[in-house]
Each structure stands twice: as structure tokens, then as C-alpha cells.
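Q: Got a structure here, written out as C-alpha cells. Questions coming.
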Amino acid sequence: MEDIMITTNRLIITTFQEEMAESVYLNSLDEDTRTFVPDEVFASEQEAREVIRFLMRCYKGLEGPFVYPVLLTSGECIGYVQAVHMGSEWEVGYHIASQHTGRGYATEALTAFLPVIMAKLNIEEIWGICRSDNGASRRVLEKCGFELVFSGTDHYAGQSCRVCKYVYRGTERL
Ligand SMILES: CC(C)(COP(=O)(O)OP(=O)(O)OC[C@H]1O[C@@H](n2cnc3c(N)ncnc32)[C@H](O)[C@@H]1OP(=O)(O)O)[C@@H](O)C(=O)NCCC(=O)NCCS
């Protein structure tokens, strides 16, 4: 997979650099991350750096995960967007640091990311899955054009809970 560089009005979505380890570590400590995606909380800056090194190696392969930092135009790293293999399908993920939420950044980043990553992966649909009580995440998916196809109990982040599964079908939007 080639590197990506996406620019929107307010954001840059590009590839990880090791120097982002501190912000990636600090961003991961958000209360919402602990609640909704606990496996994405880092214990230290060093752990974040090791994960960044792994993710940078993943850019060279085909299996992913493909995770890209979301930066403000100032260069500040405020979160990430990602596409992760889920069996034979792909799932999106995203995080915006709590001090930057509520300004439309996740929606702006995901809207720009979807056509680029789907073209690179050569796929026509991609999943968005979150806990049913993650209202902000559900709203982001809905604003980006995902369709709710399942609501019920399933395994998520290592536990059984109520989840919502959405799908985005890129070709239907062309
Ligand atoms: C979910 C997340 C990415 C949203 O980021 P964001 O930049 O604030 O998202 P946006 O501003 O683009 O959109 C958020 C929307 O959710 C709404 N919202 C916020 N909290 C909400 C809640 N508790 N219930 C319902 N809607 C909510 C906002 O009002 C906004 O909708 P609007 O534009 O119609 O007003 C961010 O909160 C986050 O990173 N959370 C932790 C990680 C996570 O849960 N990731 C998803 C895992 S599936």
C-alpha cells in the first residue's frame, strides 16, 4: 500500500512518524477511549512508539491494519482514522482527542478517508461497528452516509455487549 496524504479544509491525514508517539500516547488516555475502545489505550509513550513502528511497517503490506494520524493544519496530531481487516471484510475506526471533539473533525476526516482507502483496498463496502451507547460514534457514521444493518448483542472489544453495525457502500453513492 502506498503512503497517503489527504488534505481537507481543516485537516491533514497522512502516515505516522515516530515523533508522534507522545501525542498518540496522550490522546489515547481519553475517558471515551477507555470506555469505548479500551484496547487502544497505551500504557506509556514507549508503547505508543512501538505500535507506531508496527503501523509504519504495515503500510508496506496488504493486510493492514492501515492507521493514519489526523493532524490539524498546524501539525498537531489530534487523532486517527483506520481500516482494519475483519475476516474477509474491512472495518473503519477513528478517534479524535477529547479536547478537539464536537467540532466536526471526525466526520470531516472520515468523509475524506473513505473514498481514498476504499479505492486503495479495491473494496465497495466497509463496516463501521460501535457500542450502541457510543452516541457520538453512531452519529459520525450516520453523518458519513453509513447505513445501520444490525443492532443487538455481539462480541466487541473482548466482551459481549449491545452493538450497532453499519455499512458504507461506496458505489451506491457515486
Ligand atoms: C466518536 C468521536 C470520534 C467523535 O469525534 P468528533 O470529532 O466529536 O465527531 P463530530 O464532531 O464529527 O461528530 C460528532 C457528532 O456526535 C454528536 N454527539 C456527541 N455526543 C453524543 C452523544 N452522547 N449521543 C449522540 N450524539 C452525540 C455530536 O453532536 C455530533 O453530531 P452533530 O454534528 O449532528 O451535532 C470521538 O468522540 C472519539 O474519538 N471517541 C472515542 C473513540 C471512539 O469511540 N471511537 C469510535 C469507536 S467505534
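Q: Say whether the condition of being more than 16 Å from the ligand (Cβ to nearest atom) and of a type in the set (S, T, N, Q) is met by at least one residue in region 40-47.
A: The answer is yes; a qualifying residue exists.
Q: Would you be able to tell me the number of residues in region 76-121 that are under 20 Å from Cys164 (Cβ atoms) and of a type in the set (D, E, K, R)?
A: 2
So that you can scan it fast, the table gives a plain yes or no per residue for (1) within 16 Å of the ligand (Cβ to nearest atom); (2) among the hydroxyl-bearing types (Ser, Thr, Tyr); (3) surrounded by fewer than 19 Cβ atoms within 10 Å (Cβ to Cβ):
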| position | (1), (2), (3) |
| --- | --- |
| Gly102 | yes, no, yes |
| Tyr105 | yes, yes, no |
| Leu110 | yes, no, no |
| Val149 | yes, no, yes |
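Q: Mind listing whichever residues of region 77-100 are outside any helix (DSSP H, G or I), within 8 Å of the ligand (Cβ to nearest atom) and without any contact (Cβ under 8 Å) to a residue 60 or more places away in the chain?
A: Across region 77-100, the qualifying residues are Gly79, Gly93, Tyr94, Ile96.
Q: Could you list all residues from region 24-76 that are acidic (Asp, Glu), surrounded by 16 or more Cβ atoms within 10 Å (Cβ to Cβ) and not in a helix (DSSP H, G or I)?
A: Residue satisfying the conditions is Asp30 alone.
Q: Among the residues of region 129-143, write down those that are in contact with a helix residue (DSSP H, G or I) (Cβ under 8 Å, 6 or more places away or on another chain), near the ligand (Cβ under 7 Å from one of its atoms) and among the small types (Gly, Ala, Ser).
A: Ala136, Ser137
Q: Got a sec? Which strands (runs of 3 or more DSSP E) wholly within region 112-170 have at least 1 residues that are without any contact (Cβ under 8 Å) to a residue 24 or more places away in the chain, closer than 17 Å to Glu89 by Cα and out of contact with any Cys (no Cβ under 9 Å at 6 or more places or on another chain)?
A: 147-156
Q: If I ask for residues that are out of contact with any strand residue (DSSP E or B) (no Cβ under 8 Å at 6 or more places or on another chain) and part of a helix (DSSP H, G or I), which ones from region 101-111 would you list?
A: Thr107, Thr111
No lab work stands behind these numbers, since they all come straight from the coordinates. Computed from a predicted structure; not experimentally measured. Positions of Cβ are generated from backbone atoms using ideal geometry, with glycine treated the same way; all protein chains shown enter the neighbour counts.
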